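Single-structure report; data block below.
The values are calculated or read from the model by the stated rules, or taken from the named source; none is laboratory data. Bear in mind that the values here come from a model prediction, so they are computed numbers and not experimental data. All Cβ positions, even for glycine, are placed from backbone atoms using ideal geometry, and neighbour counts span all protein chains on display. Quick note on the areas: whole protein, heavy atoms, side chains included, nothing else; ligands and nucleic acids left out. Shrake-Rupley method; radii C 1.70, N 1.55, O 1.52, S 1.80 Å.
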Amino acid sequence: MFIRIAPDKDQPSATIEIPLERALPDYDLHQLEHPTPRDVDGVLVSQGFRDLVDDARGILTELLSGTCLELAQFTGAICPGDDETYRPGLWIVLRDKNSPNGRELSSDSRTRISAVAEELVKRLQLA
C-alpha cells in the first residue's frame, strides 16, 4: 500500500493520499482500476465508497482524540497510478492545532501524522 504524505510548505499541516489498491467487498468496491479519471467518479459517489469514508472519519476522530492534530479536510480522491490507470482513494489534510500559521510541521507532528495514516490503513484493512 502506497501512502503519500506531503507536508504543506509554511503551514502546520500535511496532506495524506491513500489510493485503494485492492477490492473491498464489504464496501461493495470491486473494480478499482479505471482508464480515465471520469470513470473513478462513479466509484466516489457510490454508497459503498461513502460508507468507507464514514468509517474512516470515525476512525480518524478516534485516532486524533487527545492529540494536537485536527482534521482539516477529508474527501474522496482520484489517484493516478503508475500504469496510466486511476483509482479511488482517500484525501486527508491534518493540521497541528498548536502550531501557528506560517510555520511548518514539527518532526514530532510529522511522525504522528504518519502513525495516524498507517493505523487508519490497518483498521480499514486497506493493505
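Laid out as a table, the results:
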{"read-out": "Condition broken by Gln73, with the remaining ones in (1) open to solvent by 60 Å² or more (accessible area, probe 1.4 Å); (2) of a type in the set (S, T, N, Q); (3) within 23 Å of Gln125 (Cβ to Cβ) satisfied", "value": "(3)"}
{"read-out": "Arg87 being closer than 22 Å to Pro7 by Cβ and either open to solvent by less than 70 Å² (accessible area, probe 1.4 Å) or under 18 Å from the mean Cα position of the chain (by Cα) (or both)", "value": "no"}
{"read-out": "Tally, over the range 118-127, of residues that are touching a residue at least 40 places away in the same chain (Cβ under 8 Å), in a helix (DSSP H, G or I) and surrounded by fewer than 19 Cβ atoms within 10 Å (Cβ to Cβ)", "value": "5"}
{"read-out": "Top-ranked residue of the range 27-53 - restricted to ones that are over 11 Å from Arg87 (Cβ atoms) and of a type in the set (Asp, Glu), ranked as surrounded by the fewest Cβ atoms within 10 Å (Cβ to Cβ)", "value": "Asp28"}
{"read-out": "Scan of the range 3-23 for residues that are surrounded by fewer than 18 Cβ atoms within 10 Å (Cβ to Cβ), hydrophobic (A, V, I, L, M, F, W, C), at pLDDT 95 or above and within 18 Å of Leu124 (Cβ to Cβ), ordered by number", "value": "Ile5"}
{"read-out": "Matching residues, the range 1-50, being of a type in the set (Phe, Trp, Tyr) and assigned to a loop (DSSP other than H, G, I, E, B)", "value": "Phe2"}
{"read-out": "Filtered residues of the range 24-54 (kept if touching a Phe, Trp or Tyr at 6+ places or on another chain (Cβ under 8 Å), of a type in the set (D, E, K, R) and at pLDDT 95 or above)", "value": "Asp51"}
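Residue by residue, here is whether (1) in a loop (DSSP other than H, G, I, E, B); (2) in contact with a helix residue (DSSP H, G or I) (Cβ under 8 Å, 6 or more places away or on another chain) holds:
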site: Asp54; (1), (2): no, no
site: Leu63; (1), (2): no, yes
site: Gly76; (1), (2): no, yes
site: Pro88; (1), (2): no, yes
site: Pro100; (1), (2): yes, no
site: Leu105; (1), (2): yes, yes
site: Arg110; (1), (2): no, no
site: Val116; (1), (2): no, yes
